[in-house]
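Read the structure below first, then the notes.
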Ligand SMILES: [Zn+2]
């Protein structure tokens, strides 16, 4: 399937209320500017008033299935939850690569599995 920004926005809003208590706040969506093997990526940004917002990057060139898309989007939303709700600084490239799949990430994965049967493991970064 092909993913569009409209689809991502819609699913983000839906999953935010379904799985993250509606707490995630403002997020912008982008596609990776060039070919990469990554599926998705999360980064926190700051607007000109100093307010934080999330950015989620997805790969437009992947042959997405609905299941993969859901898993990757929720994976990136867990990073956003860790940053915005748990207050963890998992938003630099270094942290995202090395440290951001630690305790706080795992805790959300376990909650989603326990409550909703959602398994997050394969795709996102
Ligand atoms: Zn990740």
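The values are calculated or read from the model by the stated rules, or taken from the named source; none is laboratory data. Source: prediction; values computed, not measured. Because the Cβ atoms are built from the backbone with ideal geometry, glycine has one as well, and the counts that use them run over all protein chains shown.
Here are a few things to note about the model shown:
- Of all residues in region 19-35 being on the phi < 0 side of the Ramachandran plot and free of Cβ contacts under 8 Å to residues at least 24 places away in the same chain, the one that is surrounded by the most Cβ atoms within 10 Å (Cβ to Cβ): 33
- Restricting region 87-101 to residues that are surrounded by 15 or more Cβ atoms within 10 Å (Cβ to Cβ) and assigned to a loop (DSSP other than H, G, I, E, B) leaves a set whose member that is modelled with the highest pLDDT is 101.
- Evaluated against (1) more than 20 Å from residue 109 (Cα to Cα); (2) in contact with a strand residue (DSSP E or B) (Cβ under 9 Å, 6 or more places away or on another chain); (3) away from the ligand (no atom under 14 Å from the Cβ), residue 59 falls short on exactly one condition, (3).
- For region 10-36, the set of residues classified as touching a helix residue (DSSP H, G or I) at 6+ places or on another chain (Cβ under 8 Å) and in a loop (DSSP other than H, G, I, E, B) consists of 20, 22, 23, 24, 25, listed by residue number.
- Filtering region 64-86 to residues that are free of Cβ contacts under 8 Å to residues at least 40 places away in the same chain and assigned to a loop (DSSP other than H, G, I, E, B) leaves only 86.
- Filter pass, residue 104 being within 16 Å of the ligand (Cβ to nearest atom) and at pLDDT 90 or above: no
- Among (1) closer than 17 Å to residue 119 by Cα; (2) out of contact with any helix residue (DSSP H, G or I) (no Cβ under 6 Å at 6 or more places or on another chain) - the single one residue 39 does not satisfy: (2)
- For region 38-57, the set of residues classified as in a loop (DSSP other than H, G, I, E, B) and within 10 Å of residue 72 (Cβ to Cβ) consists of 38, 39, listed by residue number.
- Residue check for residue 7: more than 12 Å from the ligand (Cβ to nearest atom) and touching a helix residue (DSSP H, G or I) at 6+ places or on another chain (Cβ under 9 Å): yes
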